[in-house]
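A short worksheet on the structure shown next.
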Amino acid sequence: MTEFDQRLAPEFFDRVQTRVRERMAEAGFDAFLTDHPEDIAYLTGFFHHPSERPVAIWLEAGGRVVMLLPELEREYAESQSSRAELVAFFEYPGVVAPFEVLARAVSPRGRVGFAASMPSARLSAAREAMPDADLVASGLLTRARYVKFPEEVELHREAARVTDRMLDAGVQLVQAAVAAGGDLPTEAELERHVTATGTGIMYAEHRNVVVASLLAGGLVYSGPNSAFPHGLPSVNRLKAGDTFMLSLGCAVGGRFIEGERTFVLGEPTAQQRRYHDAIHAAQLRGRETIRAGLECREANRLCLDVIRDAGLGEYIRHRQGHGIGLGMHEAPWLEDGDATQLEAGMVVSNEPGIYVPGHAGYRISDSMLVTATGAEPLTTFPRSLDECTIAL
């Protein structure tokens, strides 16, 4: 089997930087400044652990790309073939402040966009170091990341393949415990197993594994604990009759995928069937509404209306979905307040859910690639209740 290479070619980042410069020209920016770790990885291929020591990218309309980073990160950035000129400061806070080191290297002037996510303390430090620049908050770079390049789509596809195998591994662990007749796994044990499966697949089958904020993992919860939409795995042990959820995902080359399924352990009750069938129907509707040209808020409304029409609207706790890329959760948002039009090349989640206090939660999620004619689910693990029932 040919190893899957997670590392993108350096030339890929030239195209990324060109895309961002084109948008800078439309916005009238002479340069752009960002310190967001995901933006830095997107622009240069450099993945790092963020800390109090700033790492930032200065991208000029004329072509220059400069990365500000602490000296202790220089060799690490070089080892990743980061697509930028490196300008290092020795330590933080430093005799010469980090953004002053950057300013001396680039002589900032003109209209400079900065990522709106930049913390206020860093923005203040940048303003102090760059008095001749007009710093303007902008979501330009966030929007540039919406539509994925073909190389990114391939990373997402591979992450989806791994996520499907993680879901399968979770089911197999429970089935093996049932067959053995002993204790069923706890939520925490199940979470550790699927996480080890995901990371194990990557280290066995990939090269140049990129360790981003999360390599593989997720949320595993059962019974009443699953009624908390983001409840953390506990020592609760699965038992006969439980509804339980595997909310899993991984990142390949720093590009995320999520895949979530809700299971029933034993013959489903009429109540469990009603709830599961309702979210399955909503999720199928969501696959139809995620398409190029439709606004995110409209896709969200059409999807969640299926749950409301089933008489279960009181149990809705969240939107239909969100964008996925270098972040597991990123814009655009499939929610009533986001009028962004979906475009071919976006990757978004389709994850309607309901949460019944004291009983359980029910959610099905696929990561969807928006295409010119609709949307393609990248995760493919079975979704219906019959396929997600584990016999006792």
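The values are calculated or read from the model by the stated rules, or taken from the named source; none is laboratory data. The shown structure was predicted, so the numbers you read here are calculated from the model rather than taken from an experiment. When we count neighbours, we look across all protein chains shown, and the Cβ atoms used for this are built from the backbone with ideal geometry, even at glycine. Heavy atoms of the whole protein, side chains included, go into the accessibility calculation; ligands, DNA and RNA do not. Shrake-Rupley method; radii C 1.70, N 1.55, O 1.52, S 1.80 Å.
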**DSSP-assigned coil residues among trypsin sites (Lys or Arg not before Pro) in the stretch 187-239, each with at most 13 further Cβ atoms within 10 Å** = LYS239
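For a test of the definition: using alpha carbon positions, the gyration tensor, and the 1.5 limit on a/c, classify the stretch 149-223 as rounded, prolate or oblate.
Prolate.
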**Prompt:** Can you list the trypsin sites (Lys or Arg not before Pro) in the stretch 303-392 that are in a DSSP coil and have 14 or fewer other beta carbons within 10 angstrom?
**Reply:** ARG317
**Message:** Can you give me the long-range amide H partners of VAL356? Hydrogens built in the peptide plane at 1.01 Å from N, cutoff under 5 Å, separation of 5 or more residues or another chain.
**Reply:** GLY361, TYR362
**Request:** On a C-alpha basis, how far is the centre of the stretch 40-58 from the centre of the stretch 5-23 in Å? Whole number, if you could?
**Result:** 15
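Using the Cα centre of the stretch 170-295 as the reference point, and only Cβ charges (+1 on K/R, -1 on D/E), how large is the resulting charge dipole? Debye, rounded to the nearest 20.
Dipole magnitude for the stretch 170-295 comes out near 200 debye.
Quick check: from the Cα gyration tensor, does the stretch 2-143 come out rounded (a/c under 1.5), prolate or oblate? Walk me through the numbers before you get to the answer.
Numbers: a/c = 1.83, a/b = 1.16, b/c = 1.58.
Oblate, because a/c is 1.5 or more while a/b does not exceed b/c.
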**Item:** 1.4 Å probe accessible area per residue over the chain, in Å²
**Value:** 40
**Asked** On the first, second and third principal axes, largest extent first, how far apart are the outermost C-alpha atoms of the chain in Å?
**Response** 69, 41, 39
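DSSP loop GluC sites (Glu not before Pro) in the stretch 254-354 with at most 16 other Cβ atoms within 10 Å of their Cβ, which ones? Intermediate values should be presented prior to the final figure.
Numbers: sites: GLU258, GLU260, GLU288, GLU295, GLU298, GLU314, GLU330, GLU335, GLU343; in loops: GLU335, GLU343.
Sparse-neighbourhood loop GluC sites (Glu not before Pro): GLU343.
So for the stretch 148-388, averaging the separation of alpha carbon pairs under 8 Å that are six or more residues apart and normalising by length, what relative contact order in percent results?
On the way: 557 pairs, mean separation 52.4, N = 241.
It rounds to 22 percent for the stretch 148-388.
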**Asked** the stretch 173-202 to the stretch 91-158: how many Å between their Cα centroids?
**Response** 43
